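Worksheet: the structure to be examined is printed underneath.
The values are calculated or read from the model by the stated rules, or taken from the named source; none is laboratory data. Computed from a predicted structure; not experimentally measured. Methodologically, a virtual Cβ is constructed for each residue, glycine included, from the backbone with ideal geometry; neighbour enumeration extends over all protein chains shown. Calculation scope for accessible area: heavy atoms of the full protein, side chains included, ligands and nucleic acids excluded. Shrake-Rupley method; radii C 1.70, N 1.55, O 1.52, S 1.80 Å.
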Amino acid sequence: IYEKFAEPDKALEQYYSALKHWQDGKEVFDSIYISDCYGLIGNVLKTQGKYDQAVKYFSDALLIAEKIQKTVALMSANRNFGLLNATQGNYPDALNYFMKALKVAEDRNFPSWIAELNNDIGNLYISEKNYTEALKHFKVAETNAKTGSDKQMLSSVYISMGILYSAQNSLEESIAYNNKARSIAEEFNNKEGQYTANHNIGLIYYKQAGILADSQKTTLVIEKLSTAFQYQKAALEIAKIMGIRLQEAHVEISIGSILCKQAGLDKSSKAREKYREGIASLNKGLGVAIEFNDKELIKDAYSALYEAYRNANDYKKAFYYSKLYINLNDSLLNDQSAKKIEQIRIQYAADKAVNEEKLRQENEKAQMEWVFSKKEDSIKFQQKLMSMQMMQQAMISNQREQELELKQSSLDLINKQNELNHVNFLKSQAELGTEQDKRKEKENELTIANQEKSLQSSQLALQKIQLNLKENQIKSEKRLRLFYIGAIVLLVLLFGFIYYNIKNRQRSNTAIAAERLKAAKADAAHKMIELELQSLRAQLNPHFMFNSLNAIQELILKEDNERSHVYLSAFSDLLRMLLDNAEVPFISLKKEIGFLELYLSLESLRIPDLDYSIAVDPGIDIEKSKIPNMMLQPYIENAIWHGLSHKKENRSLLIQVDRKQNAMAFGIRDNGIGRKKATELKSQYRKEHKSKGMELLSKRFNLLSKEYATDIQTTVTDLYQSGEASGTLVEIIVPLSLSEKIKEPYGTYDHN
C-alpha cells in the first residue's frame, strides 16, 4: 500500500520488517518468502533510481530461488532482473531474463505467468519499435490469459495492445482495445485498470485532434478535444478515489493541455477563461511532479506550459518554460549516459557477486572434503596399528595413496587459487577497460573542444574577410555615387529654379483644392451620420408608443376606465415630451430623468405594486450633463415587460446614476425572473414578436461611436441567489468627454 501511494521509505520499512521475520524462521518454506522479500525491496529501490542496491537484492533473490528450485521464486527473480534492465534501456539482457522466466513458466504450464511474461516481452519490443514481434507475443499473452481465466491479466494485455496500435498510429484499433480493458476493469471494480484505460483513451483522442489540426478541420478537432476532455475527467475522478497523487498529476497535465488547445481554437470571450483554467491545471500537475521528483512528468509539464503561453501570445513566459524544458531534457540525456556507465558497473558487480558466491561454495566444499579425508585417514591409521605386523605393506601403500591425495588436494587448492587470480585479473581488466573508456571519453571531449575552437577561429577569420569585402564595396559604391552626383548636380541647378517656380504654384493650387474637398467630405459625412441617428430615433419612438398603446389596450380590455383615462392623459404628456425632443440627439440628464419619472408613473398604473426609485449622485450637474436622447428608457422598459411583469409580487426596480472618474455610470437593477426564464416564456407566448428597442439602441451607440470617437459601454449581468435567478443588472458607462464633443444637428426643424 505504501509503495502504491508513492511512499517508498515507509514501504521499505515494512518490507525489511517482513524480511527479518522470515530470516528468523526455522521452516523450509521460509526461504521462499525471503526470496520474495528480496524481490520486493529491490523493486522499491529500482523506482528510487538506486539500481546498484536493487541489483544486490535481486541477486540474493535469484541465488535463493536457484538453490531451492521453486517455480514461482525462479520466475519472479528472473522477471525482476528483466524489468530492471528494461528500465535502464538494456533490452538484450532484459529479454534474456524474461526468456529464462518464460521457459520455467512453460515447463510448469502456468498460463497466467506465460501471459504476463509474454506481455512484458511485447512491451520490450515496443520500446525497440519492433511492432511485429510485439504483436506476436501479445497474441500469445491474450490466449494464455483466456486459458487461465485470468481476466485481470487479459485487461493488462489489452492495455498493452492499445499502446502498440497507438505507436503505429492505428488509433481506432487502440481505442477499441482500451475499451475492452475498461469493460473488464469495470466488471471487477478494478479502479487502477479503469483509470489507465480512460487516461489512455483521452490521450488517443488528443493525438487525433493534433493530426486533424493540420488538415484545417476545426469542427472535428473541437469534437475530438471535447471527447478527450471527458475521458480525462473520468480518469481524474478515479485517481482521486484511489488517492494516488502522481496519477492525478498525469491527468491534470493532460487536462491542462486540452483546455489550452481548446482556448486556441475558441474565438469567443471564453477563450481567456479557458487559458486560465488550463494553465492552472498544468501548474497543479507540475507541483505534484516536482514534489515526487518525477523528471519525465516535470518535462511534460514544462513542454505543455511552453505551448500554452506561446499560443496565448505570452512570449516571455513561453521563453521561460522553454529554457526550463531544454535544461531538464539535457539533464535527462546526461542521466541516460550516466545510467549506461552505471549499468556496466552494476553488471560487473552482479557477475562479481555471483562468481564470489560460487567460489565461496566451492572452497567450503573443498574444505569439507579435506576434513572428511583426514577423518578417514585417522580411522585407517588406528586399524593399521592393530595389525601393523600383518598389514605393513598395506600401510606403506596407503601412505603412498595419502601422499597422492594430499598432492591432489594441493593441486586443487592451487587450481582454486589460479581461478581466484583469474577472477581478479578479469576484475582488473574490467576496471582497466572502464578507465580506458573514461580516458577515451575525455580524449573525445578534448578533440571536440579543439575542433569547436578551430571552427570558431575559422568563423572569426571568415567574418573578418567578409567585413573587409563589405568595407571595400561600400567605399567603391560611395566613390561611384559621388561621381554620379557631381555629374547631375549641374543639370539640376540649371533647371531647378524654373521647375521650382512652376511646381510651387501647382502645389499651392492642389493643396487648396484638396482642403476644400476634405472639408466638403467631412461635412457630408457628418450630415449623413446625423440623418442616420434621426432615422434610428424615429424608429425608436414608434416602438415605445406601440408598447405604451399595448398597455392602454390591456387596461381598456380589463374595463378599468378610470385608470385607462389617467393612463391616456399621462401618455399625452409623455408624447408631447417625445415630440419636443424628437429631433434633438442629446438632452440634459435632468430632462431624461423627468421623462423616466413620467414613464415609470405610467407603468405603475399598469403594475400597481411596482416599487421603483431613481438615485442620482449629488456631484453630477444634471442640467449641464448631456446624454443621448432616450438612452435609458429601452432598458427600463425591457426590465419591466420581460423581467418584472411575469413576477407575481415584490417587484422592485432601482435606477442609479453615479460618477466614476471621467464617466457617468448608469445602473438599472431589477429583481425579476431573469433573462433565461423570460426567453422561455417569450418563446411560448410571443413567438412571432421580435423586440426592436435594444437593437435600435445598439445601432445608435455604434453611430455615435463613429461620429464622436467615444464608446458607450454596456454590460448586462444575470443575478443569482442560492443558485436561482434573482434579476438582472444593466450597467451603461458614458464618458464625460462626450458632452464636450457634441455637435449641433444640421438644419432647423419646425414642430408646429
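Worth a mention:
- Extension gain for the segment L171 to N311, taken as residue separation times 0.36 nm less the Cα-Cα distance, is 47.8 nm to one decimal.
- Take the Cβ atoms of Q463 and L491, set R0 to 41 Å, and the FRET efficiency comes out at 0.45.
- Solvent exposure, largest accessible area first (probe 1.4 Å, DNA, RNA and ligands not counted), of H137, H21, H250: H21, H250, H137
- With a Förster radius of 41 Å applied to the C-beta separation of H646 and V584, the computed FRET efficiency comes to 0.75.
- Two-decimal log10 I(q)/I(0) for region 153-279, as the Debye equation yields it once each C-alpha is a single scatterer, q = 0.13, 0.20 Å⁻¹: -0.53, -1.10
- Surface composition of region 66-148: carbon plus sulfur atoms hold 49% of the accessible area, using a 1.4 angstrom probe and ignoring ligands, DNA and RNA.
- Fully extending the segment from K240 to K706 would add 162.3 nm, taking 0.36 nm per residue of separation and subtracting the current Cα-Cα distance.
- Taking every protein chain into account, the accessible area of region 31-75 amounts to 43 square angstrom per residue (probe 1.4 Å).
- Qualifying trypsin sites (Lys or Arg not before Pro) in region 128-157, DSSP loop, other Cβ atoms within 10 Å at most 15: K129
- In this structure region 76-157 gives 44 Å² per residue of accessible area when probed at 1.4 Å with all protein chains present.
- Assuming charge only on the beta carbon of Lys and Arg (+1) and of Asp and Glu (-1), the dipole of region 39-111 about its Cα centre is about 120 debye to the nearest 20.
- Applying 1/(1 + (r/R0)^6) with r as the Cβ-Cβ distance of A6 and S331 and R0 = 25 angstrom yields a FRET efficiency of 0.70.
- Under 18 Å, Cα to Cα: Lys pairs in region 87-161, sequence gap 8 or more or different chains: 5
- Computed lengthening from V716 to D52, 0.36 nm per intervening residue step minus Cα-Cα distance: 232.4 nm
- Listed peptides 216-228, 263-275, 173-185, 493-505 by packing density, highest first (mean Cβ within 10 Å): 173-185, 216-228, 263-275, 493-505
- Computed with a 1.4 Å probe over protein heavy atoms only, the accessible surface of region 267-308 comes to 56 Å² per residue.
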